1. Could you give me the percent of Cα pairs per 5 Å distance bin for the stretch 2-277, shortest bin first, beginning at zero and ending with the bin that holds the maximum distance?
2. Report the extension gain between Ser279 and Ala141 in nm, rounded to one decimal, defined as 0.36 nm multiplied by the number of residues separating them, less their alpha carbon distance.
3. Taking the Cα atoms only, what angle lies between the long axis of helix 250-263 and the longest principal axis of the chain, rounded to 10 degrees?
4. Relative to the first principal axis of the alpha-carbon coordinates of the chain, what is the inclination of helix 69-87, with its axis defined by its Cα atoms, in degrees from 0 to 90 and to the nearest 10?
5. Note the full-extension length gain between Arg267 and Thr199 as 0.36 nm times their separation in residues minus their Cα-Cα distance, in nm to one decimal.
6. Whenever you get a sec, line up Ser74, Ser162, Ser116 from highest to lowest accessible area (probe 1.4 Å, protein heavy atoms).
7. Restricting attention to the stretch 113-162, which GluC sites (Glu not before Pro) occupy a DSSP loop and are surrounded by at most 16 other Cβ atoms within 10 Å?
8. Counting each DSSP H run of 4 or more residues in the chain as -39500 (n - 2.57), what helix-only mean residue ellipticity at 222 nm follows after dividing by all residues, to the nearest 500 deg cm²/dmol?
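The values are calculated or read from the model by the stated rules, or taken from the named source; none is laboratory data. The model shown is predicted, which means the values in this text are computed figures rather than measured ones. Positions of Cβ are generated from backbone atoms using ideal geometry, with glycine treated the same way; all protein chains shown enter the neighbour counts. Just the protein is used for accessible areas: all its heavy atoms, side chains included, with ligands, DNA and RNA removed. Shrake-Rupley method; radii C 1.70, N 1.55, O 1.52, S 1.80 Å.
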Amino acid sequence: MTWFSRRSTAAREPSGSPPLLDVAVLTDRGLVREQNEDAGRYVRPGDAATRQVQGSLVLVADGMGGHAGGAVASEMAAETVAQCYYEADRSPSDALQAAVQEANRAIFEAAQQDASLYRMGTTCTALVLRELKPEEIETDAAVRFEAVMAHVGDSRLYLFRSGQLHQMTEDDSVVGELVRRGLLTREEARYHEHRHVITRALGLDPEVQVAQWARPLRVETGDIFIVASDGLFDLVEDELMASVVVDADAHTAATRLIALANERGGRDNITVGIVRVLSPSGSDEQPTSDTRELPAFS
Ligand SMILES: [Mn+2]
């Protein structure tokens, strides 16, 4: 298993104020695939000013394509988006759109130039959480962040809020489209033989349609975001996912979710990003998990 970052709770703020996010992004090869073609990132700018303008970024990419192509495409997506996002001088939403478009072009061009990377592609689901500036915080002190996202493919972003798990992205897949048209139930889609046929990916065309929300999402204290590749949610249903994240810090939750997918066969690479929005007073109830020991993944 690869860690993309240490838990942000381990990072010490210069000002001494407690961190407001607990984040972990982990990936695992699974038990069947020979290599891991998923990629992920967590970027947390070191200075508060940047976090209040551009925020922190969590990204999951699930690559596809023969030979090395899938792993190259997902890694290019993660690297290009993480870099271009912070270079752009625009609103978070526009900067994220531009960064994903840039990643799409870079992957497309790389595939044109190397026959072994022909038709490589990748999903990309990116979440940005921007800390509100003091003057932006209104009387509702529970809202300290706003979120924007960009999404292509069939990885997913979920939000766990007030005891409910919401899927915040639509799958760009054939069965996802059938579900939206009411021709398949979500449960039927889960087991459909064509559930992995996606209708959009980065790297296949010079331009790509990137899904975003119409406006930034107001993020509440206690919200938990999950970004995941299909290697997780194909094998771990929503209810179980919710029961894991409600009860544990980000790193423990991501580790447990990966372990659950592997217990159920680990048919695909598994990548999980967890973002827990903590109370600014640091008075969060401690998660009730009683173990910190990490299971060993190869
Ligand atoms: Mn996958």
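1. Cα pair-distance distribution for the stretch 2-277, in percent: 1, 6, 13, 18, 20, 18, 13, 7, 3, 1, 0, 0.
2. 48.7 nm
3. 30 degrees
4. 40 degrees
5. Taking 0.36 nm per residue and subtracting the Cα distance, the gain is 22.3 nm.
6. Largest accessible area first, the residues go Ser162, Ser116, Ser74.
7. Answer by residue number: Glu138.
8. Rounded to the nearest 500, it is -8500 deg cm²/dmol.
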